[in-house]
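> Input: one structure, supplied below.
None of the figures in this text is laboratory data; all of them are computed from the coordinates on show. All values derive from a computational prediction rather than experimental measurement. Because the Cβ atoms are built from the backbone with ideal geometry, glycine has one as well, and the counts that use them run over all protein chains shown.
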Amino acid sequence: MKKLLILFTLFISAVSFAQTGVIRGTVTDKQSEKSIAGATIELLSYPTKGSTTDDKGNFELSNVPLGRQTIRVSFIGYESSTVPDIDVTTGKDVIISVSLIEKFDTLEEVIIVSDGNNKAKSINKLAAVSVRQFSPEEVNRYAGGRSDVARLASNFAGVSTADDSRNDIVVRGNSPTGLLWRLEGIPIPSPNHFATLGTTGSPVSALNPNLLANSDFITSAFPAEYGNAIGGVFDLGLRKGNNKEYEYSVGVAAFPGAELMAEGPMGKKGGSFLVAGRYGIVGALGLAGTAAQPNYNDISFNLDFGKGRLGNFSVFGIVGNSNIDLIGKDVELSSDDLFATRDEDSFVTSGFGVFGLKHTIDIGSKSYLKTIISGSTTSETFERDRYFNLETPAEFKVRWTEVDNSENRFTFSTLFNSKISKKITFRSGLLFENFSLENKLTDRDRQDDNDGDGQPDFVNLIDNDGSYSIIQPYAMGQFRLTEKLTFNAGLHGQYFSLNEEFVFEPRTALTYAINNKSSLNIGYGLHHQNVAAPLLFLNENIGGNLVQSNKELDLVRSSHYVLGYDLRFADKWRAKFEVYYQAIDKAAVEKTPSSYSSLTEGADFGFSTDKNSLVSTGEGFNQGIEFTLEKFFSKGYNLLFTTSLFESKYTGSDGIERDSPFNNGYVINALAGKEFKIGKAKKNVFSINTKFTTAGGRYYTPVDLNASIAEGFEVRDETKAYSEQYDAYLRLDLKFAFKFNSKKKKSSHQFYIDLQNLTGNENVFSKDYNRLTQQVNQINQIGFQPDFGYRFQF
């Protein structure tokens with residue numbers, strides 16, 4: 001009997017122990033980014049449970065109760081930091097990074113506890129305005145997100161992505177081409193499947209959110225280290241793998257697809273590996289918005305070799321491939337297929353890859369040097385055949401379009417960061433990019449029949465095999481002028497080898513802490529960006545010779561002005577207002593009077609192919625006001641409400657000011673989530689998340705039906721360019737999820753079902769000319785669509 005009692009007691013103890021988790025991480029100085037030894041970590045739900053960092057700044061909290069936890073990190077002479085919403089499970093250790101900032105006036109033996117929220121601050125210490133930190137956990141939590149970081153960004157103030165078929169990011173009325181993607185500190189091509197040259201979005205993301213660390217999304221007046229962008233910056237970082245024990249994950253979901261992930265310790269210097277592969281299955285489920293089946297897969301990895309005498313080395317990368325065959329006869333005549341048409345067969349392939357070697361080494365006790373060497377590649381092929389006399393004995397097909405593009409990029413980046421004192425931080429660096437392009441486009445669309453064969457000529461529009469370089473030096477500093485007043489200033493330079501243009505760009509921001517709950521922010525930045533490559537390398541027939549007449553276009557210039565007010569009016573609550581104005585000039589327009597501007601490009605798979613001999617005299621502006629109300633996760637729920645009221649205008653060479661195609665006018669997002677602890681031990685979780693979005697319809701140029709019938713192809717009425725507006729966009733998503741923590745071993749199960757566009761609202765995708773019916777047809781976006789997923793972590 002006594003032996004049974006002992007065994008029973010041991011069993012209960014084992015079960016109790018198994019129903020806990022682990023929080024591990026590092027604590028660093030925010031200015032110098034060096035580790036802090038001896039920092040105190042407190043688990044606020046259990047004040048008696050705590051830890052301190054070792055000589056490398058590492059800490060571990062074991063036997064942490066399951067569920068959402070909050071920790072507070074403090075150190076003598078530093079402002080304390082609170083990290084809420086830490087999701088502790090039995091399936092995986094939680095690994096976090098916390099940075100502390102030295103107090104302006106050090107008071108020995110006194111610890112000032114900040115009531116700020118860690119997520120309310122940017123990862124980049126020099127980003128002071130128009131920046132929002134996000135976490136991978138948010139990507140997976142929110143309804144309607146499809147595990148896509150770009151779709152997560154659509155919830156933030158100032159962002160519009162009212163298009164179910166693509167994840168292009170429209171920031172404050174700018175074209176999606178104005179966005180800069182960065183990974184681990186270097187610019188990268190569009191990290192998407194089915195991406196095309198010059199675009200930044202696509203139907204499917206190749207970024208696996210389960211490998212990402214907390215990252216920054218910046219919408220205006222960027223710090224001086226960011227360049228060659230006028231719209232926004234997505235500054236992504238990869239997390240390190242678990243360097244203490246091996247962990248695995250297996251999952252399947254409608255949109256990301258099937259996934260395998262592994263991580264664990266590597267080497268003897270505290271290194272780790274993290275690798276994951278995914279394979280798309282959405283086509284097999286019939287949820288792709290087209291009759292064709294898209295195929296895509298990607299592999300991501302981050303190998304950290306630990307810190308030694310020569311510094312810290314890591315290798316990272318992403319590789320993705322995709323293809324789809326759009327067969328016209330699989331499409332109904334009056335179908336709402338988003339990508340295929342009845343009288344065409346199209347064959348698409350694309351590839352994306354980025355590989356990087358990162359090295360970081362300490363220089364003294366308060367400085368470091370980070371250097372990255374990277375190579376990236378993108379490729380795409382597109383072949384289109386068009387059928388004539390469809391479904392008659394005289395039916396025949398003609399090769400209509402051929403595209404074969406590849407871009408290889410070599411990138412070298414070096415950054416020096418130094419904490420001069422607790423009041424001054426200095427950062428400088430250099431970014432060098434060399435682009436090698438092979439671009440070919442041959443097309444019959446809108447061409448004359450000069451050879452008399454009854455078909456438009458198959459004309460070579462782009463035939464480029466060349467290279468160009470972009471060099472970007474920068475220097476900036478942060479100056480804590482008083483305890484309440486912080487001044488950021490920097491200078492960014494940019495050289496573009498095609499037109500040999502070199503520009504200087506001042507960047508500045510001022511933050512004034514009115515009190516410990518509110519602050520005022522002012523920012524200014526001058527930014528430049530080259531015109532998209534598909535326009536730069538267009539061929540023009542001049543005197544029988546093919547000439548690239550757009551190669552020497554100026555860099556497009558944009559001045560950003562921002563005024564913001566941040567209020568933390570209650571625990572875990574935050575309100576934020578921002579007013580902005582953006583003036584754009586030197587956009588590419590036609591020499592002769594027309595409504596065209598390069599500012600209208602970039603919201604689709606391709607660019608205009610008939611815009612030659614452009615000049616850099618176009619203008620535009622974006623202005624608006626934004627409001628964010630956010631309750632960070634606590635007491636079992638979270639809320640996010642964002643609204644943007646804005647205006648986006650441009651002027652072509654005809655001197656007429658018009659609405660931009662990205663001028664929705666307003667965007668409203670309302671998100672809410674609630675978690676319920678279930679089961680006898682209350683260790684499992686049932687959650688409900690919902691999202692409501694509405695936005696003004698985009699402006700478009702109407703079809704000239706009579707001209708289209710006469711020409712045999714779609715003709716837009718350019719005299720009414722962007723004069724008509726689609727109906728307002730409206731969508732409601734509802735997501736249910738379960739999380740089950742194992743009682744006997746380190747593992748967990750997660751299930752979810754995401755009901756997207758729950759009301760089945762018919763949002764407009766486009767109004768296009770149908771060659772077969774000789775009518776203008778409205779094609780709607782995806783209606784009601786379920787998403788689902790399952791993940792097993794062990």
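> So how do 296-304, 323-331 stack up, highest first, on mean other-Cβ count within 10 Å?
For the peptides 296-304, 323-331, the packing ranking is 296-304, 323-331.
> Could I ask something else about it? What's the magnitude of the charge dipole for the range 17-114 around its Cα centre, counting Lys and Arg as +1 and Asp and Glu as -1 at the beta-carbon? Answer in Debye, nearest 20. Please report the intermediate quantities before stating the final value.
On the way: 9 positive and 14 negative charges, 76 e Å.
Dipole magnitude for the range 17-114 comes out near 360 debye.
> Taking Cα atoms, how many degrees apart are the long axis of helix 2-18 and the longest axis of the chain, rounded to 10 and kept between 0 and 90?
40
> Using θ = phi - 60° and the Karplus curve 6.51 cos²θ - 1.76 cosθ + 1.60, what whole-Hz ³J(HN,Hα) does each residue of the range 570-580 get, with Gly and Pro shown as x?
Taking θ as phi minus 60°, the curve returns 7, 4, 6, 10, 9, 10, 9, 10, 9, 10, 9 Hz for the range 570-580.
> Now a separate question. Based on Cβ point charges of +1 for Lys and Arg and -1 for Asp and Glu, what charge dipole magnitude is obtained for the range 137-793 about its Cα centre, in debye rounded to the nearest 20?
The dipole magnitude comes to about 5520 debye.
> Which order do the peptides 179-189, 631-641 come out in when sorted by mean C-beta neighbours inside 10 angstrom, highest first?
Numbers: 179-189: 22.0, 631-641: 17.4.
Final packing ranking: 179-189, 631-641.
> For Ser80, what residues show an amide H to amide H distance below 5 Å, using hydrogens built from the backbone and excluding near sequence neighbours?
Here the answer is Ile112, Ser114, since their amide H atoms fall under 5 Å of that of Ser80.
> Restricting to bridges with both residues inside the range 17-114, how much of the DSSP beta-bridge set is antiparallel, in percent to the nearest 5? Spell out each step's value before the answer.
Details: 21 of 28 bridges.
Beta bridges within the range 17-114, antiparallel portion: roughly 75 percent.
> Return the ratio Rg/(2.2 N^0.38 Å) for the range 38-94, where Rg is computed over Cα atoms only. Write down the numbers at each step before the final one.
Working: Rg = 11.4 Å, N = 57, 2.2 N^0.38 = 10.2 Å.
Normalised Rg, Cα atoms only: 1.12.
> Using only alpha carbon pairs under 8 Å that are at least six residues apart, calculate the relative contact order of the chain and give it in whole percent.
Once normalised by length, the contact order is 11 percent.
> While we're on this one: Name the shape class, rounded, prolate or oblate, that the alpha-carbon gyration tensor gives for the range 363-403, where a ≥ b ≥ c are the square roots of its eigenvalues, rounded holds for a/c under 1.5, and otherwise prolate holds if a/b is larger than b/c and oblate otherwise.
prolate
> Please name whichever of Ala340, Gly452, Thr719 sits farthest to the positive end of the charge dipole of the chain, dipole taken about the Cα centre and charges placed at Cβ: Lys and Arg +1, Asp and Glu -1.
Ala340
> If you restrict to DSSP beta bridges whose two residues both lie in the range 19-76, what percentage is antiparallel, to the nearest 5?
100
> Also, I was wondering about something else. By its C-alpha gyration tensor, with a ≥ b ≥ c as the square roots of the eigenvalues, how is the range 589-659 shaped: rounded for a/c under 1.5, else prolate for a/b larger than b/c, else oblate?
Values: a/c = 5.49, a/b = 2.63, b/c = 2.09.
Prolate.
> Oh, and also: Counting only helical runs of four or more DSSP H residues, what would the 222 nm mean residue ellipticity of the chain come to if each run contributes -39,500 (n - 2.57) and the total is spread over all its residues?
-1500 deg cm²/dmol
> Here is a further query. Considering amide H positions built from the backbone, and no H for Pro or chain starts, which residues 5 or more places from Glu501, or on another chain, come under 5 Å of its amide H?
Phe496
> Alpha carbons only, please: Rg and Dmax for the range 17-114, in angstrom.
Looking at the range 17-114, its Cα Rg and Dmax stand at 13.4, 45 Å.
> Tabulate in residue order the Karplus-calculated ³J(HN,Hα) for the range 170-184, using 6.51 cos²θ - 1.76 cosθ + 1.60 with θ = phi - 60°, rounded to whole Hz; enter x for Gly and Pro.
Coupling constants for the range 170-184: 9, 9, 6, x, 7, 4, x, 5, x, 8, 9, 8, 10, 9, 6 Hz.
> If amide hydrogens are placed 1.01 Å from N in the peptide plane, which non-local residues have theirs closer than 5 Å to the one on Asp787?
Asp754, Leu755, Gln756
> Additional query: Which ³J(HN,Hα) values, rounded to whole Hz and listed in residue order, are derived for the range 756-773 from phi using the Karplus coefficients 6.51, -1.76 and 1.60 in 6.51 cos²θ - 1.76 cosθ + 1.60 with θ = phi - 60°, glycine and proline given as x?
The phi angles translate into 8, 6, 3, 7, x, 4, 8, 7, 6, 8, 6, 10, 10, 7, 9, 5, 7, 8 Hz.
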